[in-house]
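Peer 1: Got a structure for you, written out below as structure tokens; questions coming shortly.
The values are calculated or read from the model by the stated rules, or taken from the named source; none is laboratory data. Quick caveat: nothing in here was measured; it's all calculated off a predicted structure. Cβ placement follows ideal geometry from the backbone for every residue including glycine, while neighbour counts extend to all protein chains displayed.
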């Protein structure tokens, strides 16, 4: 299948690997042929998985690949907090501090994380391992306080003892080649 990305003009910094393009193609196939832009959220997630964050060049590449204006891709990437528009650590930890989680000590858990990691919200540890984010409701209020690791792994009942275990796990995995 000839893709827009096969052109020489797509060989720049924002270009994605053949494996990433295959994943995007699978997402595109879920929609009518004339609606491939409907796969924009999935395409951005694939691009972010590969690159770690969404540089303007990467978003431009996704826009061109899906046949959409770049501004339409930027609108999606800036609306949803799951997309990283700046470089982040190997592990992005996003803790919910909305009311249901706050009532279960999420604010205290967030402060504990800040103290343990030595960073604030929107910051990355000096070793580049963890970026800490404050998040909106994650839809798991009964498990509060909750957090997400890299937008994919939800952790429940995250009080200090479980936070210590998570930080130790991330540090151990960061020292090796595995990912939790």
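Peer 1: Return yes when residue 174 is assigned to a helix (DSSP H, G or I) and out of contact with any strand residue (DSSP E or B) (no Cβ under 9 Å at 6 or more places or on another chain) and no when it is not.
Peer 2: For residue 174, the condition - assigned to a helix (DSSP H, G or I) and out of contact with any strand residue (DSSP E or B) (no Cβ under 9 Å at 6 or more places or on another chain) - is not met.
Peer 1: Quick one: residue 145 ticks every box in (1) out of contact with any strand residue (DSSP E or B) (no Cβ under 6 Å at 6 or more places or on another chain); (2) modelled with pLDDT of 95 or more; (3) surrounded by 15 or more Cβ atoms within 10 Å (Cβ to Cβ); (4) assigned to a helix (DSSP H, G or I) bar one, so which box is it?
Peer 2: That leaves (4) as the condition not met.
Peer 1: For the condition outside any helix (DSSP H, G or I), surrounded by 16 or more Cβ atoms within 10 Å (Cβ to Cβ), in contact with a helix residue (DSSP H, G or I) (Cβ under 7 Å, 6 or more places away or on another chain) and in the same structural domain as residue 169 (by TED's automatic domain parsing), what is the one hit in 158, 138, 68?
Peer 2: The conditions single out 158.
Peer 1: Another one. Can you name every residue in segment 115-128 that is part of a loop (DSSP other than H, G, I, E, B) and either touching a strand residue (DSSP E or B) at 6+ places or on another chain (Cβ under 6 Å) or free of Cβ contacts under 8 Å to residues at least 40 places away in the same chain (or both)?
Peer 2: Step one: filter segment 115-128 for residues part of a loop (DSSP other than H, G, I, E, B), giving 118-122, 125-128.
Selection gives 118, 119, 120, 121, 122, 125, 126, 128.
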